[in-house]
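Here is the structure we will look at, set down as structure tokens.
The values are calculated or read from the model by the stated rules, or taken from the named source; none is laboratory data. Computed from a prediction, not measured in an experiment: that's the story for all the values here. Please note: Cβ atoms are built from the backbone with ideal geometry, for glycine as well, and neighbour counts cover all protein chains shown. Only protein heavy atoms, including side chains, enter the accessible area calculation; ligands, DNA and RNA are left aside. Shrake-Rupley method; radii C 1.70, N 1.55, O 1.52, S 1.80 Å.
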Amino acid sequence: IDPNSTHGKVLMKVKHGGDVLEFGCASGYMTKYMHEKMGCNVDIVEKNHNDFTKACQYARNSYSGDIDEFGWFGTFRKNQYDTILFADVLEHLMNPMKVMEWAAKLLKDDGKMIISIPNICHNDIILRMWNDCFSYTDIGLLDSSHVHFWGIRDFIMQCENIGLHADECDCVIYPTGRTEQALPEDAVDKRLLELLAKA
């Protein structure tokens, strides 16, 4: 696990040996690590049936379905978790804050949510917008399946509006010009680039 990657940073904050609810586990690569390397009891929620089938072998309990439809709450309502994970998941949901609000009911008194989201305010996106471009891609900051976008301050404010407090904020840094949204160098307004570097 690369400690400087999103998944590495997320996993380093998970309680060893704890009870974990992982939303959007995909094929279970983090589920497996938490189960085998960290001694966690992991319950999972995953919509894609093929991925769900693969991830189930590492999970204690599981639910396959759309997170936005809240069937998972009925499955796990009697459980209490040390950690609830939303790793690059919330931006794909129609009602992310409502999902978080309901998920919070499943936290232990000292439990926490660990969340990662893409930052819509990255310099590469700002530079594209300066050039009248807002281009979706198959992966990355503007993944074509994203339906919600946040800057960090916006996200923290919305969390506080539903009674959740952000007690730590970390990030993976991708320098300007190093994401899938980067413009060709000759298309970048150097004056704007200088201003962004000072911000």
Original post:
For the chain, modelled as a GNM with alpha-carbon contacts under 10 angstrom, which of ILE84, ILE152, ILE67 fluctuates the most?
Top reply: ILE152
**OP:** Please calculate how many Å² of accessible area the chain carries per residue, with a 1.4 Å probe and no DNA, RNA or ligand atoms counted.
**Re:** 57 Å²
Subject >> Most fluctuating residue given options LEU85, LEU183, LEU21, as computed from a GNM of the chain linking Cα atoms under 10 Å >> reply: LEU183
Original post:
What is the range 98-139 by shape, rounded, prolate or oblate, if you read a ≥ b ≥ c off the alpha carbon gyration tensor as root eigenvalues and call it rounded for a/c under 1.5, prolate for a/b larger than b/c, and oblate otherwise?
Top reply: prolate
**OP:** Compute the separation of the alpha-carbon centres of the range 1-78 and the range 130-188 and state it in Å as a whole number.
**Re:** 24 Å
Subject >> Placed amide H near TYR81: partners under 5 Å, 5+ positions off or other chain >> reply: LEU107, LYS108
**OP:** Only Lys, Arg, Asp and Glu count, each charged at its Cβ (+1, +1, -1, -1), so figure out the dipole size of the range 77-172 about its Cα centre, rounded to 20 debye.
**Re:** 420 debye
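Which length gain, in nm to one decimal place, applies between ASN131 and LEU196 when the Cα-Cα distance is subtracted from 0.36 nm times their residue separation? Can you show the working numbers first?
Details: separation 65, 0.36 × 65 = 23.40 nm, distance 1.48 nm.
This chain segment gains 21.9 nm when fully extended.
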Subject >> Phi-based couplings in Hz for the range 107-121 (Karplus 6.51, -1.76, 1.60; Gly and Pro marked x) >> reply: 7, 5, 4, 9, x, 8, 9, 10, 10, 10, 9, x, 9, 5, 8
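Between ASP186 and SER144, what is 0.36 nm times their sequence separation minus the Cα-Cα distance? Round to one decimal in nm.
On the way: separation 42, 0.36 × 42 = 15.12 nm, distance 2.60 nm.
Full extension from ASP186 to SER144 adds 12.5 nm.
Give the value in nm², to one decimal: projected area of the alpha carbon convex hull of the range 1-112, averaged over all directions. Intermediate results must be reported in sequence, preceding the final value.
Numbers: hull surface 25.6 nm².
The number I arrive at for the range 1-112 is 6.4 nm².
Give the whole-number value, in cubic angstrom per residue, of the convex hull volume spanned by the C-alpha atoms of the chain.
126 Å³
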Subject >> Nonlocal amide H pairs with SER62, under 5 Å, H built at 1.01 Å >> reply: ILE44
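Report, in listed order, any pair from LYS54/LYS108; LYS32/LYS112; LYS9/LYS37; LYS13/LYS37; LYS9/LYS78; LYS54/LYS105 with a Cα-Cα distance greater than 24 Å.
Table pairs above 24 Å Cα-Cα are LYS54/LYS108; LYS9/LYS78; LYS54/LYS105.
ASN119 to MET12: extension gain in nm, 0.36 nm per residue of separation minus the Cα-Cα distance? The partial results should precede the final answer.
Working: separation 107, 0.36 × 107 = 38.52 nm, distance 2.07 nm.
In short, 36.5 nm is gained.
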**OP:** For LYS190, go through the lysines and keep the ones whose alpha-carbon is under 22 Å away, minus same-chain ones fewer than eight residues off.
**Re:** LYS198
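With n ≥ 4 as the cut-off for DSSP H runs, can you work out [θ] at 222 nm for the chain, using -39500 (n - 2.57) per run divided by the number of residues, rounded to the nearest 500?
Values: 8 runs with 65 residues, N = 199.
It lands at -9000 deg cm²/dmol.
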**OP:** Enumerate the whole-percent occupancy of each 10 Å bin, from 0 to the last occupied one, for all C-alpha pair distances of the range 20-74.
**Re:** 30, 55, 15, 0
